[in-house]
Amino acid sequence: MKEISIFVDESGDFGEYNHISPFYIEKKNMQDITEATGKLSKQIGNWIKNNYDMLLPYDTVKIYYDNGQVELSRILASVFNVLLPSVETKKVIPSDYRLFQVADFICSMKLLELKKENHNMSIQEQRFFGGEEGLNKNYIKDLKKWELE
């Protein structure tokens, strides 16, 4: 049986839409939760459609999420189940799944990358990572090697 696992994490509250973070939605710019839910559902649905040929050969698509936000849990369950034939959603306890920890790390690094590009890193972040150049050299550069197109 062929399976693919998708680990989902939500991070941060920075910036506007960017192709680097295509599912980023800033709730404070929305009229209400219904608008945010609709916008995010559409973005995830478009991602599934754009990657349908890659996902379809798998017998099961497993979605791992820590249920940190109830609305996101509902969106993931409904959008994936409507567009794909066999989906399982799994509640994750981050300490039990290394891949989830990796997903969390990558989301945090992508948020920091956006901050770096906008020259908006905090003083503590700059100290910890050795400034924008240190973040880029020691983290972002290596992550980009593994980024999917």
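So which residues in region 102-119 are small (Gly, Ala, Ser) and buried (at least 19 other Cβ atoms within 10 Å of the Cβ)? The answer is Ala103, and nothing else. Do we have Glu71 as closer than 25 Å to Lys39 by Cβ, modelled with pLDDT under 90, under 16 Å from the mean Cα position of the chain (by Cα) and part of a helix (DSSP H, G or I) here? So Glu71 passes the test. Look at Leu148 and say whether it is assigned to a helix (DSSP H, G or I) and either touching a Phe, Trp or Tyr at 6+ places or on another chain (Cβ under 8 Å) or under 20 Å from Asp9 (Cα atoms) (or both). Here the answer is no, as Leu148 does not meet what is asked.
Kindly evaluate Ser78 against the criterion of being out of contact with any Asp or Glu (no Cβ under 9 Å at 6 or more places or on another chain), without any contact (Cβ under 8 Å) to a residue 12 or more places away in the chain, among the hydroxyl-bearing types (Ser, Thr, Tyr) and surrounded by fewer than 17 Cβ atoms within 10 Å (Cβ to Cβ). It is false that Ser78 is out of contact with any Asp or Glu (no Cβ under 9 Å at 6 or more places or on another chain), without any contact (Cβ under 8 Å) to a residue 12 or more places away in the chain, among the hydroxyl-bearing types (Ser, Thr, Tyr) and surrounded by fewer than 17 Cβ atoms within 10 Å (Cβ to Cβ). Only residues that are hydrophobic (A, V, I, L, M, F, W, C) and loosely packed, with under 13 Cβ neighbours inside 10 Å were counted in region 40-57, giving 2. Picking from residues in region 74-104 that are in contact with a Phe, Trp or Tyr (Cβ under 7 Å, 6 or more places away or on another chain) and either farther than 13 Å from Ile6 by Cα or in a helix (DSSP H, G or I) (or both), the one that is modelled with the highest pLDDT is Leu76. Filter region 3-56 down to the residues that are assigned to a loop (DSSP other than H, G, I, E, B), closer than 20 Å to Arg74 by Cβ and polar (S, T, N, Q), then identify the one that is modelled with the highest pLDDT. In this case the residue turns out to be Gln31. Is it the case that some residue within region 58-71 is within 14 Å of Asp9 (Cα to Cα), without any contact (Cβ under 8 Å) to a residue 12 or more places away in the chain and surrounded by fewer than 13 Cβ atoms within 10 Å (Cβ to Cβ)? Yes; the residues of region 58-71 include at least one that is within 14 Å of Asp9 (Cα to Cα), without any contact (Cβ under 8 Å) to a residue 12 or more places away in the chain and surrounded by fewer than 13 Cβ atoms within 10 Å (Cβ to Cβ).
The values are calculated or read from the model by the stated rules, or taken from the named source; none is laboratory data. What you see is a predicted model; the values in this text were computed from it and never measured. Cβ: placed from backbone, ideal geometry, glycine included. Neighbour counts: every protein chain shown.
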